[in-house]
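The structure appears below as structure tokens.
The values are calculated or read from the model by the stated rules, or taken from the named source; none is laboratory data. Remember, predicted model here, so these are calculated numbers, not experimental data. Using ideal geometry, Cβ is built from the backbone for each residue, glycine included, and neighbour counts are taken over all protein chains shown.
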Ligand SMILES: [Zn+2]
């Protein structure tokens, strides 16, 4: 039995201060506002070093959030992940992946790869 690894989760919507139902133009607006606010060039020089660090951290997070949510493909994938809160993923040798939600994992025995026709068997320990 190969081990499933759980992907680390970050709530990109809350990082942008947006609702998961917000549309792309709304997300973009929030992104642009935040990215300006946290932009390293926009910080005044007399703020404490810790605050600057924090801003840079935020800047990176906001930028990452937009990279995911601003792209239709990655947004769709992320939304799907959010939906299946406890999903497990396993990489296929073709580069595709097997994915199964926690609920599904209790019911199904076979999972097919999302890009090729390979199927793996889930073993249940109970
Ligand atoms: Zn495959």
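Only one residue in 120, 68 is surrounded by 14 or more Cβ atoms within 10 Å (Cβ to Cβ) and within 16 Å of the ligand (Cβ to nearest atom), so which one is that?
Step by step, each of 120, 68 is checked, and only 120 is surrounded by 14 or more Cβ atoms within 10 Å (Cβ to Cβ) and within 16 Å of the ligand (Cβ to nearest atom).
Anything in region 89-112 that is modelled with pLDDT under 80 and within 16 Å of the ligand (Cβ to nearest atom)? List them, or say none.
The one that is modelled with pLDDT under 80 and within 16 Å of the ligand (Cβ to nearest atom): 89.
Out of curiosity, is residue 85 away from the ligand (no atom under 16 Å from the Cβ), in contact with a helix residue (DSSP H, G or I) (Cβ under 8 Å, 6 or more places away or on another chain) and at pLDDT below 90?
Yes, satisfied.
Check 18, 49 and return the single one that is in contact with a helix residue (DSSP H, G or I) (Cβ under 6 Å, 6 or more places away or on another chain) and more than 16 Å from the ligand (Cβ to nearest atom).
18
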